[in-house]
Each structure stands twice: as structure tokens, then as C-alpha cells.
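Participant: If you scroll down you'll find the structure; I have some questions about it.
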Number of protein chains: 2
Amino acid sequence: MDHPFTREEFAARIRAVQTRMAEEGIDVLLVAEPSNFYYLTGYNAWSFYTPQALLLSVDSDTPIWCGRMMDAQSARRTTYLPDANIRPYPDSYVQAPDRHPMQIVAGIIEKEGWANRTIGIEMDAYFYTAHSHAWLVRSLPNAKLVDAGLLVGWVRVVKSPQELTYLREAGEIVERMMDRAFEMIAPGVRECDLAGALYEAQMRGTERFGGIHTTSPPFLGIGKRIAEPHPVWSDDPIQPNSPINIEIAGCRLRYHGPMSRTIYLGRPPQAYLDLAEGVVEGLNLALDAVKPGVTCEAIEAVWRKSIAKRGIEKESRIGYSIGIGFPPTWGERTASLRPGDLTVLQPGMAFHMMTGIWQQDTGVTITQGFYVTETGHHALTRSPRALLVKD
Amino acid sequence: MDHPFTREEFAARIRAVQTRMAEEGIDVLLVAEPSNFYYLTGYNAWSFYTPQALLLSVDSDTPIWCGRMMDAQSARRTTYLPDANIRPYPDSYVQAPDRHPMQIVAGIIEKEGWANRTIGIEMDAYFYTAHSHAWLVRSLPNAKLVDAGLLVGWVRVVKSPQELTYLREAGEIVERMMDRAFEMIAPGVRECDLAGALYEAQMRGTERFGGIHTTSPPFLGIGKRIAEPHPVWSDDPIQPNSPINIEIAGCRLRYHGPMSRTIYLGRPPQAYLDLAEGVVEGLNLALDAVKPGVTCEAIEAVWRKSIAKRGIEKESRIGYSIGIGFPPTWGERTASLRPGDLTVLQPGMAFHMMTGIWQQDTGVTITQGFYVTETGHHALTRSPRALLVKD
């Protein structure tokens, strides 16, 4: 199997995680987040709707994969793990009321001699449910279970050169998607057909490389749903003289390059032009402030001050760390651009600066994906940061 | 806002859930599953990547929605809830290390006078993490928290006439998607371009209604990944003389009509034709056995006996309940067609009979979505149940 990263890069990631484990007194890490499976082993399948765990001991460089029997094939195909480290559970454990895959995971922990150790759990991993945890707790009475939180996430926050390449490629894909949207939008076109065109462009990617699905569908703020950040489209025809907010991402080997633009169909009223101008101004100023050594909250403060001149306050954060994404979000949940986030920017950190504004009856979304360089930032897309008008 | 169901249908669902709550001694239900939000209120937004809860008391016909501030707009747009029942939390609670949305949820429970009551929690809802639960437990020291399991799921298992209509419409969409795949597949076509064409057809739907995204991407078992059930495509060109397993669904207003077919590009060897014939035979026999009063395990036994004649045993279940789907799966997690599942079929239950076979180096997937009628079953798609050969 072709891996998207060298064996050395995977090994370095494992070591970085183990260093943090040692610092936090964690003997064994139970990884549950699909993106962390991918980051640490290359594991790449849509199997996370049944419980699965990746077990990493502080003193072994090779994790153990535990998942559903039918998906063991994917572990063999997509990871560097030896067969002995692929330990599937039978299908009778899938969605069964009287037994649970975490019993099998606990069995592996016992067999490996870890049942009395300190086990760090990704308690907030999206697919690690309260129910799964209850089964694990019951099955490991002698272990010390602690919340490992975003331990792997904080290792992932600084991207390697290869990861930055994939992010730039994702950016190339999303540029083409937005171009396709602009081309496609016209009065009478059904919202669902616009969505279809976006998806088609997303997978097609470029001549050099194709895309895959993203963590989330395109968010199309159209018509009745213009004022919502996370709506789903309908099959209504697009109406003239209205803004259309589009939040999308290109995805290259699970790396996400997001972008939002508002396309105004028709001639925008002056008040709307002013609103868009204010957003672009704040976005550009905040981007200009990006460089190593600055905190996340300081970047947000630049935006906040700028947009306040227009009498606007954005209640929500203006950005979040990006990189690998599995559903349900391409946000990494570590660093956020918002008050109180004292994360210091370093070269290789990547963000989506999400300066969307949603008001009672309208919205405008013009954003920028970027990563931090030695001296400033590199934009993942070259698309002009502007309101796009199709008159 | 146009709702996909009448107010009466929502009210009947709420009452059915409350009846079960009363039977199980649950005073307040904390709903966490996005599909249950949709089922009970119509709530329809991609907001489940931050914690949210729907609180339903046994003695009130109107639930309380709690979610992120920016998504309150979607609650107003897509549900019948009065403004007083929409209780958002501020963005400072999103992915913050020192506070949690479940504190806000607990605050609502207190304010409503439920802090000493028995609260049923959807402990195994996909986005209800162990971490969320720990915060809730800490914030409600006097409540009795119990696992409500699939309480709402078991109400959902029998579909209403309107739900069956949406399922049939989803079936119409997936038929067209598979036709498009057949048309598109040829040696040299990139896998990603096939994926793009499938997505485009999925959203386009029909002239009468469009589609939306499904819970999961198309599963394309192609080339190196032919033997995996849940792979993701690459940008490699499709090779001749190979089977391609396609598992997809059409989605109409969140209702999923799934279908798998294998398209063989080239002339299949006799052994492969025999394998496919065995699968179709078993599938057809099992479908013929479907009628009210029969158990799920009895249906599976028909398949098992049939395929055993070919010396094959399918380790995994051969089907699962379908209906509303939100990521990460269109399976409802209630009834499964497998040994030990004693669920008795009733008119209005819907399933995906998933008779896929994956072997060491190949696979064949020919399946059928259907619902139970008064006398037998109704197939959601009219596509022939056969190996599709494109020579």
C-alpha cells in the first residue's frame, strides 16, 4: 500500500505522542478519534460508526488496532501495522445490547499486561460515547483511567512540510470548487444542483490529483436559510437579488483546505456592500497580524477592533486549527482564534480564519485558510478576498 | 418554514416517546442523537460537532433545544419550537478546556425543576462523548441519570406513510446514481471522477425532487481496496477486468434509500459469476421470507442456509433498520438481520438487506433496501438484483 507519509514521519509522530504521555504519566493511550488513527498509523476507512480503539503503550513503537472484523482488511491495507497488532472483534459485538467491543479492547489491555496501569482515554473523541466508556470502566476495574483530552491533537497542531503540501493541494481544490459555484449560480438553478456541481468539482480536484469527501457537506446559506451557518440545501430554485453564503473545503488525503465566499446574485444594496467591506477589512488586518510569537487571542483582537468600527461584534470565534479532518468537523478543536486563547503561533500551524457574520436576516462569509510561516502567513488559496457579485 | 411532516405527526411521535418514558420510569429524556432531534422537532442543521441536547419532559408536549448560539437560528427556522424553548449557549463554551455546554444543559434542567428527577440519557448517541457525560454528571449531583439507550430508536422503527414516501423517493434517487455509475465506469476513468459523478447524481435527484448528502460517502471497493467494505477512493485510473463494489444511498429529506451493486468491468471468470449467483439467490430467498410476524433472525437463517450451499458463511449481519440518517451511518442500530435478533417484523419497518461478501482478495455486493408491507415487502428500488457486467 502507498502511504501518504514515510515510515519515519509516522515514527516521529508516535515518539512525539509518547513524550507527552510520559510527561502526563500515561502508560497506555486509548486513541478513539478517527483523525488520530490516521495521523498515527495511516488507518483510513469509514469504520468509526462502530467502536474502535488504537492502543499505544509508552514503551512500544507499534500501536495495536482493535475494530470490527470486516474492517480489519482496511487496517491491513492502509497501515504499517503487522498482522499481530490487528485485533478485530466479531460482528456479534456490533450494536448488541448484551455485549460491547470495549470488552474486547479491555481483553487486549489485560493480555498485554496493562490492566493495572494508567490508561489515558480520548474522552471527548467524537465517536467515543458515554456508553462505550461505561463498558470500558466496568471491564477494567484495576486500571487508572484518566482523560487524555487533546494530547494527540496538540502534537498535530504544528504541521510537517508534507502535511503543508497536502493542505496547499486541498486549497487548490477548493479554489476550483468556488469558481465552479460562481459559474453555476443563476436565478432558477435548483439549490441541490448547485450542491451537486460543488461535489463534482471537489472529487475531480485537479489534473494532477483528485479529491475525496470532506468532513462536512457544503454549507449553502441560500434563500430562507441565508442567516444560518450550518444549513442544508433544498431543491428550491435560487432567487435573484440575494446573497448566497458558501462554506466549503477541498480535501486531499484527509487534509482540509476550507474557504467561504458570499456570491451576490444581482446588485447588492449599499448597506450590504458596507457589511462585506467591513468583513474583508477585518479579515485582512487580522491576517497581516499573523506571525510566529503572536497569540491566538491577539489575532482575534485585531479583527474585533476593526469590525467594531462598523458597530458589529462577532459573538463566535474567528478561526480554528485545521489539518486532518474526519467527520463531523474539519476544525481540530485545539487552538481557536478567540479571546482567552493564549496559544502562541508557530511556523507550521494552520488555521481557517472564519470571519463569517450571520445577522437576523442576512449573512456574509468571506474567509481565509492559511498556515503560519517564519515571517507571516501563507494563504492556502489565491482567490480574492472579496464579495463576489454576479449581476 | 415548510416542515417535512405535519404538526400532528410530530405530536404523535412525542407522545409515543413519552409513553415509553413513562413505562421506563424516565421523567426527562436528554436526546443527543441528531436523527432524534430531527424526528421529534424537525431540527435540521450540521451543528452536532458541538454538544447539543433536546430535553423532553414526560408531561410537556414541547421539548427544549439547547445548542450553540449561532445554531439557534437553525432551531428557529427548522422546528416548530417557540422561542422560549430555544436556549442557546455562548460561543465561549465551544471546545473550551475550563467549561462545557453540559453545564448550560444542567442549568436548564435545574431551572425547569427537574434536578432531582430521573433523567434518561442517550448514552450511546454518536456525539454524546464520555467527556460530555462526565460534565453532566458533575453538574447534576441530585438527579438520577439512567441510560435511555435506543428508546427513541425503537419508536422510529415503524415508519409512517409519509416516511415511507420519502424512503421510496430516496430509492428513486439511488437508482439513478447507480445508472450513472454504470454509464461512467470505464478503464482509465479516475476513481475520484467516478465518485464525483455519483455525488452529482445524488444531489440532482430527479426532476420532481432533489437529494441531499448522505450520512456516509459512497463506498467504492476498487482496485487495491476491492476487499474492503468501507474504503475511500483514490485518484488512480480504474483498471479493466476487475469488479467494482459500490455501496451508496439516495437521501430525501434525511431519509436514506441504500443500494449496493457490483459492476464488473470486463468478462468475469466463472468462479466470480458463481459467487455472485450465490449472493443473488440468497438475497432473493431472504426477501421472499419477509412478512409481518417473522423474526429478524429467521430472515437471516434463510440467507445463511442458502449461501452455505456454496460453502460460504457471512460473518457479519445481513441487514439493519433504515430511515432517518445523520452521520456517521444510515443504519438505525435497532433491529439487525442476524442470529439472536428476535425483533418481529411489522408493516412499516424498513431495512437494508446488506448481503455483501468480502473475501481475502475480492468482494461482491448486491443488496436491497425494502420495507415490510401487510403481506410481504416493498423494494425501494427497481434495479435488477444481479451482477452488472460492462464488457
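Participant: Please return the ranges of strands (runs of 3 or more DSSP E) entirely within region B:276-390 where 2 or more residues are touching a helix residue (DSSP H, G or I) at 6+ places or on another chain (Cβ under 6 Å) and within 14 Å of another protein chain (Cβ to nearest Cβ).
Facilitator: Qualifying strands (runs of 3 or more DSSP E): B:319-326, B:329-336.
Participant: While we're looking at this one, here's another question. Residues in region A:10-55 that are touching a His at 6+ places or on another chain (Cβ under 9 Å) and more than 16 Å from A:Ser132 (Cβ to Cβ): how many?
Facilitator: Within region A:10-55, residues that are touching a His at 6+ places or on another chain (Cβ under 9 Å) and more than 16 Å from A:Ser132 (Cβ to Cβ) number 4.
Participant: Which pairs turn up if I take residues in region A:282-301 that are crowded, with 17+ Cβ neighbours inside 10 Å and look for partners that are at pLDDT below 95 and of a type in the set (Phe, Trp, Tyr) with beta carbon separation below 8 Å, at least 6 apart in sequence or on another chain?
Facilitator: none
Participant: Next question. How many of the residues making up region A:118-139 are surrounded by 19 or more Cβ atoms within 10 Å (Cβ to Cβ) and farther than 19 Å from A:Glu23 by Cβ?
Facilitator: Pass one, region A:118-139, residues surrounded by 19 or more Cβ atoms within 10 Å (Cβ to Cβ): A:119-133, A:135-136.
Those still in the list that are farther than 19 Å from A:Glu23 by Cβ too: A:124-133, A:135-136.
The number of residues fulfilling the criteria is 12.
Participant: A further question on this structure: For residues that are of a type outside the set (A, V, I, L, M), touching a helix residue (DSSP H, G or I) at 6+ places or on another chain (Cβ under 6 Å) and assigned to a loop (DSSP other than H, G, I, E, B), tally how many sit in region B:133-159.
Facilitator: Here the count works out to 0.
Participant: Given the structure, is A:Gly257 under 25 Å from the mean Cα position of the chain (by Cα), within 23 Å of A:Thr165 (Cα to Cα) and not in a strand (DSSP E or B)?
Facilitator: No, not satisfied.
Participant: Also: Any idea which residue in region B:180-190 is surrounded by the most Cβ atoms within 10 Å (Cβ to Cβ), counting only those that are farther than 19 Å from A:Thr206 by Cα and without any contact (Cβ under 8 Å) to a residue 24 or more places away in the chain?
Facilitator: B:Arg180
Participant: With the structure loaded, tell me whether A:Ala170 is more than 18 Å from the chain's Cα centre (by Cα) and in contact (Cβ under 8 Å) with a residue 12 or more places away in the chain or whether it fails that test.
Facilitator: Values: more than 18 Å from the chain's Cα centre (by Cα): no; in contact (Cβ under 8 Å) with a residue 12 or more places away in the chain: yes.
Criteria not met by A:Ala170.
Participant: Right, here's the next one. Would you mind stating whether B:Ala201 is away from chain A (no Cβ under 13 Å) and either of a type in the set (S, T, N, Q) or in a helix (DSSP H, G or I) (or both)? Spell out how you get there, then give the answer.
Facilitator: Details: away from chain A (no Cβ under 13 Å): no; either of a type in the set (S, T, N, Q) or in a helix (DSSP H, G or I) (or both): yes.
The answer is no for B:Ala201.
Participant: When you scan region A:104-132, how many residues do you find that are assigned to a loop (DSSP other than H, G, I, E, B) and over 24 Å from A:Pro328 (Cα atoms)?
Facilitator: The number of residues fulfilling the criteria is 6.
Participant: If B:Leu145 meets every condition in (1) without any contact (Cβ under 8 Å) to a residue 40 or more places away in the chain; (2) among the aliphatic types (A, V, I, L, M); (3) crowded, with 24+ Cβ neighbours inside 10 Å; (4) outside the structural domain of B:Pro292 (by TED's automatic domain parsing) apart from one, which number is that one?
Facilitator: (3)
Participant: Go through A:Gly340, A:Gly311, A:Gly331 for me and flag whichever is touching a residue at least 40 places away in the same chain (Cβ under 8 Å) and either of a type in the set (Gly, Ala, Ser) or surrounded by 24 or more Cβ atoms within 10 Å (Cβ to Cβ) (or both).
Facilitator: Answer to the selection: A:Gly340.
Participant: Return the only residue of B:Thr343, B:Thr381, B:Thr334, B:Thr355 being under 13 Å from B:Arg261 (Cα atoms), modelled with pLDDT of 95 or more and either in contact with a strand residue (DSSP E or B) (Cβ under 6 Å, 6 or more places away or on another chain) or among the aromatic types (Phe, Trp, Tyr) (or both). Lay out the reasoning, then the answer.
Facilitator: Details: B:Thr343 fails: under 13 Å from B:Arg261 (Cα atoms); B:Thr334 fails: under 13 Å from B:Arg261 (Cα atoms); B:Thr355 fails: either in contact with a strand residue (DSSP E or B) (Cβ under 6 Å, 6 or more places away or on another chain) or among the aromatic types (Phe, Trp, Tyr) (or both).
Checking each option against the conditions leaves just B:Thr381.
Participant: Being at pLDDT 95 or above, more than 11 Å from every other protein chain (Cβ to nearest Cβ), touching a His at 6+ places or on another chain (Cβ under 7 Å) and at positive phi, is that true of even one residue in region B:108-115?
Facilitator: Within region B:108-115, not a single residue is at pLDDT 95 or above, more than 11 Å from every other protein chain (Cβ to nearest Cβ), touching a His at 6+ places or on another chain (Cβ under 7 Å) and at positive phi.
Participant: Kindly provide the set of residues from region A:52-72 that are within 12 Å of chain B (Cβ to nearest Cβ) and touching a strand residue (DSSP E or B) at 6+ places or on another chain (Cβ under 8 Å), ordered by number.
Facilitator: The answer is A:Gln52, A:Gly67, A:Arg68, A:Met69, A:Met70, A:Ala72.
Participant: Let me ask something additional. How about region B:64-103: which of its residues are outside any strand (DSSP E or B), among the β-branched types (Val, Ile, Thr) and more than 24 Å from the chain's Cα centre (by Cα)? Spell out how you get there, then give the answer.
Facilitator: Taking region B:64-103 and keeping what is outside any strand (DSSP E or B), we get B:67, B:69-85, B:87-88, B:90-103.
Remaining after also requiring among the β-branched types (Val, Ile, Thr): B:78-79, B:94.
Answer for region B:64-103, where residues must be outside any strand (DSSP E or B), among the β-branched types (Val, Ile, Thr) and more than 24 Å from the chain's Cα centre (by Cα): just B:Val94.
Participant: Within region A:6-63, how many residues turn out to be part of a strand (DSSP E or B) and either over 23 Å from the mean Cα position of the chain (by Cα) or among the β-branched types (Val, Ile, Thr) (or both)?
Facilitator: 3
Participant: So which of B:Thr214, B:Thr206 ends up being within 12 Å of chain A (Cβ to nearest Cβ) and surrounded by fewer than 22 Cβ atoms within 10 Å (Cβ to Cβ)?
Facilitator: Going through B:Thr214, B:Thr206 in turn, just one is within 12 Å of chain A (Cβ to nearest Cβ) and surrounded by fewer than 22 Cβ atoms within 10 Å (Cβ to Cβ): B:Thr206.
Participant: Also, I was wondering about something else. Of all the residues that make up region B:173-211, how many are small (Gly, Ala, Ser) and under 14 Å from B:His256 (Cα atoms)?
Facilitator: 3
Participant: Which numbered condition in (1) of a type in the set (Gly, Ala, Ser); (2) in contact with a Gly (Cβ under 9 Å, 6 or more places away or on another chain); (3) farther than 27 Å from A:Arg20 by Cα is the only one that A:Ala72 fails?
Facilitator: Status for A:Ala72: all satisfied but (2).
Participant: Next question, about the same structure. Inspect all residues belonging to region A:168-179 and state whether any of them is within 14 Å of chain B (Cβ to nearest Cβ), surrounded by fewer than 23 Cβ atoms within 10 Å (Cβ to Cβ) and within 30 Å of A:Ala32 (Cβ to Cβ).
Facilitator: Checked against the condition, which is being within 14 Å of chain B (Cβ to nearest Cβ), surrounded by fewer than 23 Cβ atoms within 10 Å (Cβ to Cβ) and within 30 Å of A:Ala32 (Cβ to Cβ), region A:168-179 yields at least one hit.
Participant: So which residues in region A:225-239 are free of Cβ contacts under 8 Å to residues at least 60 places away in the same chain and more than 7 Å from every other protein chain (Cβ to nearest Cβ), if there are any at all?
Facilitator: A:Ser234, A:Asp236, A:Pro237, A:Ile238, A:Gln239 - these are the residues of region A:225-239 that are free of Cβ contacts under 8 Å to residues at least 60 places away in the same chain and more than 7 Å from every other protein chain (Cβ to nearest Cβ).
Participant: Answer yes or no: is there a residue in region A:94-103 that is farther than 27 Å from B:Tyr320 by Cα and either modelled with pLDDT under 95 or surrounded by fewer than 20 Cβ atoms within 10 Å (Cβ to Cβ) (or both).
Facilitator: Among the residues of region A:94-103, not one is farther than 27 Å from B:Tyr320 by Cα and either modelled with pLDDT under 95 or surrounded by fewer than 20 Cβ atoms within 10 Å (Cβ to Cβ) (or both), which makes the answer no.
Participant: Out of region B:213-247, which residues are under 17 Å from the mean Cα position of the chain (by Cα) and under 19 Å from A:Phe326 (Cα atoms)?
Facilitator: Within region B:213-247, B:His213, B:Thr214, B:Thr215, B:Ser216, B:Pro217, B:Pro218, B:Phe219, B:Pro229, B:His230 meet the criteria.
Participant: If B:Lys224 meets every condition in (1) modelled with pLDDT of 95 or more; (2) assigned to a helix (DSSP H, G or I) apart from one, which number is that one?
Facilitator: Unmet condition: (1).
The values are calculated or read from the model by the stated rules, or taken from the named source; none is laboratory data. Note that the coordinates shown come from a computational prediction; the quantities given were computed from them, not determined experimentally. With ideal geometry, Cβ positions are generated from the backbone for all residues, glycine too; neighbour counts draw on all protein chains shown.
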